[in-house]
Amino acid sequence: MGKKSGDMATSHDDTASTPAKGATTARSRGKKNTLLVVGIGASAGGLEALRPFVAALPAEAGMAYVIIQHLSPQYRSMMVQLLGRETKLPVEEIKDGQVLAANTIYITPPNKDVRVKNCTLWLREPSAPLGPKPSVDVFFASLAEDRGQHAIGVILSGTGTDGAHGMRAIKACGGLTVAQEPETAKYDGMPKAAIASGCVDLVMPPDRIGPELASISRFPRPVVPPKTAETVTRDTIDEIFQLVRKRTEVDFSQYKPNTVRRRLERRMAANRIDSLAAYMDFVQRSPGELDLLCKDILISVTSFFRDSKAFEDIKATLSEMLATKKMGDSIRIWVPACATGEEAYSFAMMLNDHLGEAVRSFKIQIFATDIDMDAMAHARKGAYSTTTVENLDKSYILKYFDAMGQTYQVKKPIREMVVFARQDLIKDPPFVKVDLISCRNVLIYFNTDLQDRIFQVFHYALMPEGHLFLGKSESVGRCADLFRPVKAASKIFQKRLGGPRSTNAVFGAFRPRIPD
């Protein structure tokens, strides 16, 4: 689990734009501004969808709208004039360094990608030679990073899959996601791809989206209750998650309270429900909502070689480990909470780089596990958007990916090195006799007791000289007796032998998974 952010433009001219008269700028709200920013992705048939969309936008919803419409690089866009006829809101073509203002519509110019940072729009040349331009995924990824729960992603008519990856990033950051009802789209490829990602909150025709977003934005998120109500609130939340566990078999009781509360509030806001009691009644009447709540908590994003400095260090650690292996030996790596698979494939590529032709002389098994079946389905295909691979060296893309239209698929020999399997890290048996465990940016969501249990599981699973690779915000905490730091800055640890505590008690309820 982790969030990917693209490189921002280097020219930071904050005076490049003057907001529309009467509009509230993001800057005027201060560093902790709550401006809702709506990214709208469209392609073929997009104009037919954008016209009713902008025509129905309320005059004072307090949101900024950024339209990412695929255009030919040579095409002189008339979008500002065409959409300006449909709405009373200001419609502007984006200028580099433009500060976002509420109740304003921004149009991305042809042959430019746009990113947002500190509520300011930055233009840059497209980094990917292939794929749609401008890229919806590029903007959505930066929108998720910058605005978090104040980000909204909308996908309208278009061919291809651009935007689906970015929708996942927005949802993982607590934002809201909407797709055009495919039956109303001239071209339903993009809406269907977004919906198939499992990351869409609302599906509706274009003319209904604006009023719905305005209604949700006005709806107050639940606040921390008075002390007299804390016990009742806690009991109700516990009861809701007991229903989640009964329906999905996923137990969130040992997740950090703030994590589950934020996602619960997000679902309440999406459904315009203002009390936990009303939400409890809602899920009892509509149990499918429990699946959506579960999905919201589990949703995550990752990327290839996430945190480059840490990956350089783990590459060196991997080289040291491989130096102890001889032809015919097994090399086993376990990637729990692998999400959409980029990290597991990153290790496969590193092994191939290091071993070269000799890679076939070892029994390589990379076990990539997750509880999210939608993410696993994506991971097994090994097909990724241009945004996902844009930060990889071009030679690496040529070596390890096949270009397939607007996507890049990991080459078959690399895919065959990875075994994907559903696993609940909390209760399912671990793999054992593994050389390296890479579990990054997931333990931060668990409470301390559950973290301790998972570290004991990892200690048990690792070979005597095995290594543990964590996320940059994680540490072994109270389990320093089980793991010693090897490269502390990169969160690389090695298993300690003969620690003071036994890990056997952890495994009374199940037998470990021993690779073939």
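What the table shows:
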item	result
Share of carbon and sulfur in the accessible heavy-atom surface of the stretch 292-412 [1.4 Å probe, %]	54 percent
Accessible area in square angstrom per residue, the stretch 232-276, 1.4 angstrom probe	55 Å²
Surface accessible to a 1.4 Å probe, His165 within the full protein complex, Å²	30 Å²
Among (1) 38; (2) 56; (3) 49, the entry derived from the coordinates for percent of Cα pairs over 35 Å apart	(1)
Range in the chain, longest, excluding exposed GluC sites (Glu not before Pro) [loop by DSSP; at most 14 other beta-carbon atoms within 10 Å]	61-248
Under-5 Å amide H pairs with Ile67, H placed in peptide plane, nonlocal only	Ile40, Tyr106, Ile107, Thr108
Charged-residue dipole, Cβ positions (Lys, Arg, Asp, Glu), the stretch 246-300 about Cα centre, Debye nearest 20	140 debye
Point-charge dipole on Cβ atoms (K/R +1, D/E -1) for the chain, about Cα centre, debye to 20	740 debye
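The values are calculated or read from the model by the stated rules, or taken from the named source; none is laboratory data. All values derive from a computational prediction rather than experimental measurement. Heads up, the Cβs are rebuilt from the backbone with ideal geometry, glycines too, and the neighbour counts pull from every protein chain shown. For accessibility, only protein heavy atoms count, side chains too; no ligands or nucleic acids. Shrake-Rupley method; radii C 1.70, N 1.55, O 1.52, S 1.80 Å.
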